[in-house]
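The values are calculated or read from the model by the stated rules, or taken from the named source; none is laboratory data. These figures come from a predicted structure and were not determined experimentally. FYI the Cβ positions are ideal-geometry reconstructions off the backbone, even for glycines, and counts take in every protein chain you see.
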Amino acid sequence: MKQVVVTLALVATVLTLGGGMSRGFARAFDRPDVVLVLAGGVDRRGATHCTVAERLRAAANASKALGGCPVVLNGGGTTWKPRYVDRNGFSIPEAALMAVQLEREGGLRHELLYPESFSDDTIGNAFFARVMHTDLRPEWRDLLVITSQFQMARTQAIYTWIFSLEPRPAARPYRLRFESVRDDCLDPHVLALRRAKEADSLHKLEAGPLMRMRTLAEAHEFIFRRHSGYSVRGVTSKQPLDSALADTY
């Protein structure tokens with residue numbers, strides 16, 4: 001389990017490597033105000049992938065260790081395949097399925113669980129977690145972000161960028177801690193493919209113009225006008241991912 005801390009100050013971004021969970025919390029901030037656990041895919045039965053189960057275990061452990069810290073279930077689905085549909089024909093967002101699992105298997109009270117069900121990719125995860133949840137809760141400024149090892153580098157880059165966009169909270173800046181969980185439950189070949197895809201996506205993200213945006217308004221314009229997961233043209237022309245990688249989404 002690996003943790004990284006990012007403080008989003010007005011002038012600089014500071015990264016500090018943390019150790020174990022309780023020791024790392026004390027070093028960066030006394031305790032996180034909220035846990036953000038990223039969605040990562042469900043199967044045709046609505047069961048979370050093994051990597052998501054690992055994330056949920058980490059989220060449950062963190063919440064309990066902190067005496068009942070709230071948890072945001074961060075993601076509705078993926079741009080790469082349709083959402084799960086229940087027996088009555090209703091589309092169920094992954095965040096709701098994750099919340100059910102955390103309550104039933106993780107032992108967390110339902111009043112601690114906050115679904116973010118709109119996003120379908122990591123950029124959307126970060127953006128909608130902020131504008132739908134944390135910006136509306138002044139007491140939620142120290143954030144613990146949990147995802148799998150294969151996704152962590154890109155997640156850290158995106159969340160650090162999104163949570164630094166103007167306007168930022170004036171009284172108390174965001175501070176982010178990142179915790180990665182194991183991903184070796186995946187088939188080694190599939191895991192290698194996903195790691196390669198993540199590395200390529202991160203390279204393109206860092207080399208492109210997107211992360212030079214400095215305001216939430218700019219990000220909002222991009223997401224709803226140009227992003228294939230949220231723009232009208234993108235949403236109405238989706239194509240499923242047809243490869244072994246589909247099993248990791």
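General remarks:
- Number of the condition not met by residue 248 [criteria: (1) of a type in the set (S, T, N, Q); (2) modelled with pLDDT under 95; (3) more than 18 Å from the chain's Cα centre (by Cα)]: (3)
- Taking the criterion of being surrounded by fewer than 19 Cβ atoms within 10 Å (Cβ to Cβ) and within 28 Å of residue 137 (Cα to Cα), the residues of segment 29-49 that qualify are 29, 30, 31.
- Single residue of 139, 111, 166, 94 found to be more than 24 Å from residue 215 (Cα to Cα), surrounded by fewer than 20 Cβ atoms within 10 Å (Cβ to Cβ) and not hydrophobic (A, V, I, L, M, F, W, C): 111
- Hits in segment 175-226 - residues which are in contact (Cβ under 8 Å) with a residue 60 or more places away in the chain, crowded, with 18+ Cβ neighbours inside 10 Å and either farther than 20 Å from residue 156 by Cα or basic (Lys, Arg) (or both): 175, 177, 186
- Qualifying residue in segment 180-188 (condition: aliphatic (A, V, I, L, M) and part of a helix (DSSP H, G or I)): no
- Residue-level analysis places residue 191 among those that are touching a Phe, Trp or Tyr at 6+ places or on another chain (Cβ under 9 Å), over 21 Å from residue 160 (Cα atoms) and in a helix (DSSP H, G or I).
- Identity of the residue in segment 227-247, of a type in the set (Ser, Thr, Tyr) and free of Cβ contacts under 8 Å to residues at least 60 places away in the same chain, that ends up surrounded by the fewest Cβ atoms within 10 Å (Cβ to Cβ): 236
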